[in-house]
1. A 30 angstrom limit on the alpha carbon distance is what I want to check against. Which of Lys44/Lys386; Lys37/Lys219; Lys22/Lys112; Lys22/Lys375 exceed it?
2. For Phe24 and Lys386, what is the calculated FRET efficiency with R₀ set at 25 Å and r taken between the beta-carbons, to the nearest 0.05?
3. Once you've got the GNM for the chain with C-alpha springs shorter than 10 Å, pick whichever of Gly125, Gly343, Gly13 has the biggest mean-square fluctuation.
4. Using the Karplus curve 6.51 cos²θ - 1.76 cosθ + 1.60 with θ = phi - 60°, what ³J(HN,Hα) values do you get for each residue of region 267-273, in whole Hz, with x for Gly and Pro?
5. Given the options Leu166, Tyr180, Asn130, identify the residue whose Cα lies farthest towards the positive end of the charge dipole of region 100-232 (+1 on Cβ of Lys, Arg; -1 on Cβ of Asp, Glu).
6. So, with a 1.4 angstrom probe, what is the percent of accessible area on the chain that is carbon and sulfur?
7. How about region 364-412: which GluC sites (Glu not before Pro) there lie in a loop by DSSP and see at most 11 other Cβ atoms within 10 Å?
8. His367 to Glu320: extension gain in nm, 0.36 nm per residue of separation minus the Cα-Cα distance?
Amino acid sequence: MESMVKDISLAPGGHAKIEWVKNFMPVMSAIDREFSKSKPFAGKKLAIVLHLEAKTAYMAEVFMHAGAEVAITGSNPLSTQDDVAAALVEDGVTVFASYDCTAEEYENYLNKIIDFEPDLLIDDGGDLVNLLHTTRRDGLKKIIGGSEETTTGVLRNRALAKSGELAFPMIAANDAYCKYLFDNRYGTGQSTWDGIMRTTNLVIAGKTVVIAGYGWCGKGGAMRAKGLGANVVVTEVDPIKAIEAVCDGFRVMPMSEAAKIGDIFLTLTGDKDVITGEHFPLMKNGAMLANAGHFDVEINIPDLEKISVSRKEVRRNVEEFLQEDGRKIYLLAEGRLVNLASGDGHPAEIMDLSFAVQFFSVAHLLHNHEKLENKVYLMPEEINTKIAEIKLDSLGVKIDTLTEEQRKYLGL
């Protein structure tokens, strides 16, 4: 199949980005060295739907070196980097992706991925799996399993499994310890504030930051905001997570109260309508809205547009919504993932762990799919341990080991 990218001449810049991240992804490099020899994926087609930037590109190349024929598209219209997409085409990966694509183009790219007739897939947010279970069921015939990168996508997959509709086994890569403990917390925490600061060029210290949702991503966002000197407020619907936020030293209140005092609002819930028309009239002049959840539905943009006198871009990735009373409310990155739409996403060292989880998840499916039911599975614990051991070794960190007597005492 012929690739669809914006400009193949951008490839040199993409190659430079990929070479840079390789220096900081020792686990993926170890995987590359080992499996480029044995080529376990020879004869198999792998479809990848992920944020198409340099770290993702390196993972795609590792799969290709391991024998897979790879096709990839972006999982968000604003997260594809056109130079990286072009570099992947030159390296032999089939690519259907472009930055700032329309909704129609985005769906067309997903359909092209299905036309590729993959055996295995990696999804981010569940759009590919959803398409395969609705209008493109013809694409199911070859698929033996897949892996999901995000909390949002895992929830969608589990809903399909619960209703008995899931057509192939899926591994919840997002729920692996080596993914969410680091990617969701340290990755989202750092990259989100990187995106916000790049986009606004404003100070965080001294501002009141409202974190909507105190899951692992919310914890990371709150931790980094506190470290930057912000006064952090958390909003939650889960009583246990709310207590956790209080014990971590944050104020907790409903969004209707937080809306009155927040300078920067950051949604990280995975749900819709977290900030709505009920909240915008309460906000102070200059309030900034950003989202780090997978879809652009956490901030109700139609509600905001409806009550605004005008909407205009005042800076790249910053839109101003002027209110009748003269207040200005700013929306960052169209309400999409601010860390990718306004930045480069998670640091390479973090994605090194996440993409190792993806590699071994897909390898597990390849070797065990005949024994698996059409359910959502966790990655086997021994694989988590293997990834962590490789990472520690790359950091030069050594740890203790249990004696046989200690193992026996613990019943291991």
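1. On the way: Lys44/Lys386 24 Å; Lys37/Lys219 40 Å; Lys22/Lys112 28 Å; Lys22/Lys375 34 Å.
Among Lys44/Lys386; Lys37/Lys219; Lys22/Lys112; Lys22/Lys375, the Cα-Cα distance tops 30 Å for Lys37/Lys219; Lys22/Lys375.
2. Working: r = 20 Å, r/R0 = 0.80.
So the FRET efficiency works out to roughly 0.80.
3. The residue that fluctuates most here is Gly13.
4. 9, 8, 9, x, 10, 9, 6
5. Final value for the positive-end residue is Tyr180.
6. Details: 9300 of 17900 Å².
Answer for the chain: carbon and sulfur cover 52 percent of the accessible area.
7. Values: sites: Glu370, Glu373, Glu381, Glu382, Glu389, Glu404, Glu405; in loops: Glu373.
Those satisfying the criteria are Glu373.
8. Working: separation 47, 0.36 × 47 = 16.92 nm, distance 5.17 nm.
Using 0.36 nm per residue and subtracting the Cα-Cα distance, I get 11.7 nm.
The values are calculated or read from the model by the stated rules, or taken from the named source; none is laboratory data. These numbers were taken from a predicted model, which means no experiment stands behind them. Cβ sites come from the backbone with ideal geometry, for glycine too, and all protein chains shown count toward neighbours. Keep in mind that these areas ignore ligands, DNA and RNA; they rest on the heavy atoms of the full protein, side chains included. Shrake-Rupley method; radii C 1.70, N 1.55, O 1.52, S 1.80 Å.
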